[in-house]
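Scroll down for the structure; my scribbles are underneath it.
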Amino acid sequence: MHDISLSQARLPATLEIEVLDEFGEARRQAIAAERALTVYLNRREIVTLMTLGADPEALVVGYLRNQGLLAEREHLAAVHVDWEVEAAAVVTRHLPEDLEERLGQRTVTTGCGQGTVFGRLLEATSLNALPATRLRQSVLYRLLENLGAYNETYRSAGAVHGCALCRQETVLDFVEDVGRHNAVDTLAGRQWLEAVDSGNADIFYTTGRLTSEMVLKVAQMGIAVLVSRSGVTQKGVELAERFGVLLIARAKGRHFQAINAGERLDLDAVPPRRPGDRR
């Protein structure tokens, strides 16, 4: 396995400003950082990402990986982030033969912060078959409770999304960033840079919408259960059915909406109905 030359350019995820509250009193308030980072791949400008800057190397690698511009970890030689010029220089030993075609064809998606998919990535057919991961209702509820211990930046400053790699109810890794796509890309980058074994993760959690790009990125990571406290889009459902991803949308408290569940969801903790519950 090749060594990768990495900068260590992490910045604080929040900063403080002075605000005036509803009582007319001035106080200090933490807010989420938002920094521009332009990504260069072998000196070719690729994209500018808006990010907290908390783990920029992993974000950049995960972004390029999920866009299909980095196919193997062994291709990666160096990732250097320089905040003075707001740039990330990525050096790879191999570029896709159809790089220009990929960069020339973009689909604008619903991502916040950034949300473009290069080339025909949405038409990808080379994904490995996903495991038919089963999920118990009781495990889902325990996972949601465990996730309450995270979201540190959101609790102090708001304005961010969070994503997590999970093994059933256990949270293996958690990332927050300006956009949900940044957070999932950072987790994908950590899998390579920190040798996080995605085989140990069987559930992916996000605070953002379950869109086509989110489903595709999670499927690329080999995970077949995608959970969100938010809703789902039509294209997200279509890709989930195509790749075999179980979607759990609007998961808050004891409520959720399972999509593409088949026989994979075990309803072992059905809550009692209360007056006013929708039937």
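Within the range 51-100, can you find the residues that are among the small types (Gly, Ala, Ser) and in contact with a Leu (Cβ under 6 Å, 6 or more places away or on another chain)?
Gly53, Ala58, Gly68, Ala88
Among the listed residues Arg155, Arg134, identify the single one that is surrounded by fewer than 18 Cβ atoms within 10 Å (Cβ to Cβ) and modelled with pLDDT of 90 or more.
Arg134
Taking the conditions exactly as written (modelled with pLDDT of 90 or more, open to solvent by less than 10 Å² (accessible area, probe 1.4 Å) and out of contact with any strand residue (DSSP E or B) (no Cβ under 6 Å at 6 or more places or on another chain)), does Val90 satisfy them or not?
no
Report every pair of residues separated by at least 6 positions or lying on different chains whose Cβ atoms are under 9 Å apart, first residue within the range 151-162 and touching a residue at least 60 places away in the same chain (Cβ under 8 Å), second acidic (Asp, Glu) and not in a strand (DSSP E or B).
Ala159/Glu34
When the residues of the range 167-222 are filtered to those that are of a type in the set (Ser, Thr, Tyr) and not in a helix (DSSP H, G or I), which remaining residue is most open to solvent (accessible area, probe 1.4 Å)?
Thr170
Scan the range 248-261 for residues that are open to solvent by less than 70 Å² (accessible area, probe 1.4 Å) and either within 16 Å of Val139 (Cβ to Cβ) or in a loop (DSSP other than H, G, I, E, B) (or both) and jot them down.
Passing the criteria: Ile248, Ala251, Gly253, Phe256, Ala258, Asn260, Ala261.
Within the range 208-215, is even one residue touching a residue at least 12 places away in the same chain (Cβ under 8 Å) and within 17 Å of Leu135 (Cα to Cα)?
Restricting attention to the range 208-215, the residues satisfying the condition of being touching a residue at least 12 places away in the same chain (Cβ under 8 Å) are 208-215.
If we keep only those that are within 17 Å of Leu135 (Cα to Cα) too, we end up with none.
Checked the range 208-215: no residue is touching a residue at least 12 places away in the same chain (Cβ under 8 Å) and within 17 Å of Leu135 (Cα to Cα).
The values are calculated or read from the model by the stated rules, or taken from the named source; none is laboratory data. The structure displayed is predicted, hence computed values, not measured ones. Note: ideal-geometry Cβ built from the backbone for every residue, glycine included; neighbour counts use all protein chains shown. Surface areas here come from the heavy atoms of the whole protein model, side chains and all, with no ligands, DNA or RNA. Shrake-Rupley method; radii C 1.70, N 1.55, O 1.52, S 1.80 Å.
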